[in-house]
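What follows is a short report on a single structure.
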Amino acid sequence: MTGPDVLDVAKEAIYALLLMSGPVLGVALFVGLIIAFFQALTQIQEMTLTFVPKIIAVFAGLLLFLPFMGSIMNGLMLRLMERIVAGG
């Protein structure tokens, strides 16, 4: 495997990572903004208030986006196996 091949594989892996983590991080960001807005409106400055809703939202996002994430991983693995079988 040559240097450009390694860079291509790394680029594909980083792209797959961004595609898989983006939706879940977006859910966490959205829930965090909603909670921060609620805290600003009610002047409740409890630090632990954000943890439970974010954890529940991230787990729900993982369950919701799991088929999409699996298809991304499947596509990456198929492309890697094609490279291995082709010998480069």
**Message:** Using only Cα atoms and rounding to the nearest 10 degrees, what angle (0 to 90) does helix 51-86 make with the longest principal axis of the chain?
**Reply:** 10 degrees
**Message:** Given contacts defined as C-alpha pairs under 8 Å and at least six residues apart, what's the relative contact order of the stretch 3-86, whole-number percent?
**Reply:** 46 percent
**Request:** Pop a pseudo-label 7 angstrom from the Cα along the beta-carbon direction at both VAL6 and MET69 and give the gap in nm to one decimal.
**Result:** 2.9 nm
**Asked** For the Cα atoms of the chain, what angle does the longest principal axis make with the long axis of helix 3-42, in degrees from 0 to 90, nearest 10?
**Response** 10 degrees
**Item:** Inter-site label distance for PHE59 and LEU19 at 7 Å from Cα along Cβ, in nm
**Value:** 2.9 nm
**Fill in**
Over all directions, the chain yields a Cα convex hull whose mean projected area in nm² is 7.2 nm²
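Values quoted throughout were computed directly from the atomic coordinates according to the rules given, and no laboratory measurement underlies them. As the structure is a computational prediction, the values presented were derived from the model and not from experiment. Quick reminder, even Gly has a Cβ in these numbers, built from the backbone with ideal geometry, and neighbours come from all protein chains shown.
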